[in-house]
Amino acid sequence: MVRDVPAGSLDVDQRMLVIGYLSTVASLLDQRGFLVRELHAQEPGSPTLWGSLSLNPPPPPGSGWAPARLRWEQDSGWCATLLPDSDGSGDERRAVARYLPAQLVPAPVTVAHFLAALLTDPDTIWARATFHAPRRVDRRWLILQLARFAMPEPW
């Protein structure tokens, strides 16, 4: 039996696609010595695709800043929150943001390179200190990009 599906509709669990993408990023970060403490994704049925990773980074080699959180959003891509590592207080008021430019759904290895570069230099050429909105893309395209990282069905 063939089911009629309206053009443009996608019958997938979009939250699970985001979780699959973030899990792949988390795995590569783990290989670089970053401990991912928490992974969060949007609520089921949310109109916006997003996810975040809370981090315990390796000790920085003297940059004075440590990545504390990575956030991915469908309209802005990746943003890293950096905290000063000098006092260990985790004072969010002193946090700075750095954005991974150019791509909304970059390869997970690109995100890992971005974070590793931030660890050594918060002003690396891999990052922007100010947000520049990328061109808006069709949600179907985003879902297809995220589907590359879908978690396999359990048997």
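The values are calculated or read from the model by the stated rules, or taken from the named source; none is laboratory data. Source: prediction; values computed, not measured. Because the Cβ atoms are built from the backbone with ideal geometry, glycine has one as well, and the counts that use them run over all protein chains shown.
Summary table below
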item: From D91, D4, D85, residue being surrounded by 12 or more Cβ atoms within 10 Å (Cβ to Cβ), of a type in the set (D, E), modelled with pLDDT under 75 and more than 14 Å from L146 (Cα to Cα); result: D85
item: Verdict on D11 being over 15 Å from Q74 (Cα atoms) and either at pLDDT 90 or above or touching a His at 6+ places or on another chain (Cβ under 9 Å) (or both); result: no
item: Tally, over segment 25-58, of residues that are at pLDDT below 95 and of a type in the set (V, I, T); result: 2
item: Output for segment 59-82, where each listed residue is modelled with pLDDT of 85 or more and among the small types (G, A, S); result: S76, G77, A80
